[in-house]
Amino acid sequence: MTGADAPRRDLFWELAGLIARIPGLGHQRPLRRTAEAFAERFGPLESAEPSGILREDLYATLRECDGYPDGLRFYLDTLGSGRTGTLAWAAVEQMYLRLYPERLLTPTEREELCALLAARAPGTRLGSVALRFLPFLPPGDGDAGGSEAPEALLDALEDALVLEDEAHPLLSFVEAVAVSQPPPLEAELRDWSDKVAHRIGCPQEVLQWARAREAARVGRPFDPSRLLVEIVAHPAAPDEYHVRGWLLATREGPSSLLADCRVASRGALEETVAALHQTVLERLGELSAGLRVEFLLPRPLLWLDVDQFPVRPAGSVARPIGADHTVLVRSRDRFHKRYWWPALHRRLAWLHSNPDGGFEAPAVRYAAPGGVPAPYELLTELRDGETPFCFVLLEPPPWDGDAAADPVYVLLEVGIPAIVALRRQGQHAEARPQLWKVLAGRLDALPDRVRHLRGVGPGGGGAAVKLDLHRHVTLVWDSQDGLEGAEAALGHPRTGGGHP
């Protein structure tokens, strides 16, 4: 044959030459034994009469073996038995790979992916997505109408260059398609990626990074990064704050941004937080979508209005940090008292087993001003229960320095994961129904609803804004994505305690 088959014929000729040069394979005995084994498996070889020239005879035999499924592979394995560790046979294997390049996907994986891509949402142009991971599209791009387009794209993506510390381009392509699909198909595509990544040795954290990047590109953060800011103040110097900051990026451990910075005023504290915020935005880039900001605060600073700290993203206007991001307060006391964790985990387990739990009794308990029970009564009532999950404090108890007389300390000790506190004084009769109205819904989505409340701003929330709820709500929150395991990185600052 000529034309398209010519390059392949040349490869067979080169393969025959490599075999002919291997000592011991030029004799008839190994060739005859290999032919007999092949005949038992596939049937007798019917090559033309031997020419007497070893390379030409091998060439004819190899071409005939290639006419059987896996025939060439069987012939080489049998002929090369006992020689696979030699450099000469390694050259034979390299030539075989040029004839039959290794496929990234198994036939089953390829069939499953083609079926999933065929079910994609209308308007999903595979070629446009693939161009982000390929230098050019292969001929016959199916988005132009050819039925073989997914096959051609997969061929090109399987052979695409893999960059260091990056997921295989084919996996990244699947993740990029997945984020624009309806939830059921999106989940199936991601399940496919998980299975294939595991088989080909792609680390899970590398795949998760690609997944987060693709989700961020469409404004749907899959696994948002977190900015953690710890603030403490010594009681003897209430106007001095010590600040530390970490970035908890997707599937990574804490990365230190700021180590024990001392500031001497509230204004300097806000400037420091704003600088940390800008640093994180610049470092994450498009992966900053959905960034959560968490403040690790001691009991005396638990009601500090950190969600109202102003930030000034480069080139934009100043706004409260809570208007742009989900801002949570985490209890520094609970983080450092490991013997409090079992109670917290028990209530979190209740939330996990009740994913549709709503913002209502028995999961939520309201405490009117002066209505919080005494600490011992609260401890006796709550220490063994799975609920409530959330306490709403219409007027948070002040801190007087005595932990034994502080009901909030008890709430932290008995594992209440969520505490909603209204920092503004007065108008409590109106505040309760307004809080209920804006916070009602699934408990596990409470942080998102508080973020939405803070982002409403003046004039956008009706009666709720008249009470300035968006400016005066603290959410103390602990969840199963907490800080356990980060003790070595977070450690202890050189100061302790805090001051309101």
Site residue 10, offset 7 angstrom along Cα→Cβ, radius 14 Å on amide nitrogen, limited to segment 93-126, gives 99
Provide the per-residue ³J(HN,Hα) series for segment 163-177, in order, calculated from phi with Karplus coefficients 6.51, -1.76, 1.60 and θ = phi - 60°, each as a whole number of Hz, with x at glycine and proline positions. 7, 4, 6, 10, 5, 4, x, 5, 5, 5, 4, 4, 5, 5, 6
Helix 204-217 against the longest principal axis of the chain: what's the angle in degrees, Cα atoms only, rounded to the nearest 10? 70 degrees
Within the accessible area of the chain (1.4 Å probe), percent carbon and sulfur: 53 percent
Starting from the Cα-Cα distance between residue 27 and residue 361, subtract it from 0.36 nm times their residue separation and give me the gain in nm to one decimal. 111.4 nm
By how many degrees, between 0 and 90 and to the nearest 10, does the Cα long axis of helix 6-20 differ from the longest principal axis of the chain? 80 degrees
Once you list every other residue whose beta carbon is under 12 Å from the beta carbon of residue 76, what net charge do they have if Lys and Arg are +1 and Asp and Glu are -1? -2
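Using a cut-off of 14 Å between beta-carbons, work out the net charge of the residues near residue 312 (Lys and Arg +1, Asp and Glu -1, residue 312 not included).
For residues surrounding residue 312, the net value is -3.
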Size of the chain along its principal axes in angstrom, Cα-based, largest extent first? 106, 47, 44
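Would you kindly state how much longer the chain becomes between residue 88 and residue 260 on full extension, computed as 0.36 nm times their sequence separation minus their alpha carbon distance, in nm to one decimal? Can you show the working numbers first?
On the way: separation 172, 0.36 × 172 = 61.92 nm, distance 6.25 nm.
In short, 55.7 nm is gained.
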Along each principal axis of its Cα atoms, how long is segment 1-91 end to end? Whole angstroms, biggest number first, please. 37, 29, 27
Report the label-to-label distance for residue 56 and residue 115 in nanometres (one decimal), using points 7 Å from each Cα along the Cα→Cβ vector. 5.1 nm
Please list, in order, the residues from segment 223-239 whose amide nitrogen is less than 19 Å from a point placed 7 Å along the Cα→Cβ vector of residue 268. 230-239
Multiplying the sequence separation of residue 481 and residue 402 by 0.36 nm and subtracting their Cα-Cα distance, what value in nm do you get? 25.4 nm
Which value, in Å², gives the accessible area per residue of the chain when a 1.4 Å probe is used on the protein heavy atoms? 48 Å²
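The values are calculated or read from the model by the stated rules, or taken from the named source; none is laboratory data. Only a predicted model underlies this, so the values are computations on that prediction, with no experimental measurement involved. Reconstructed Cβ throughout: ideal geometry from the backbone, glycine too, with neighbour counts over all protein chains shown. Calculation scope for accessible area: heavy atoms of the full protein, side chains included, ligands and nucleic acids excluded. Shrake-Rupley method; radii C 1.70, N 1.55, O 1.52, S 1.80 Å.
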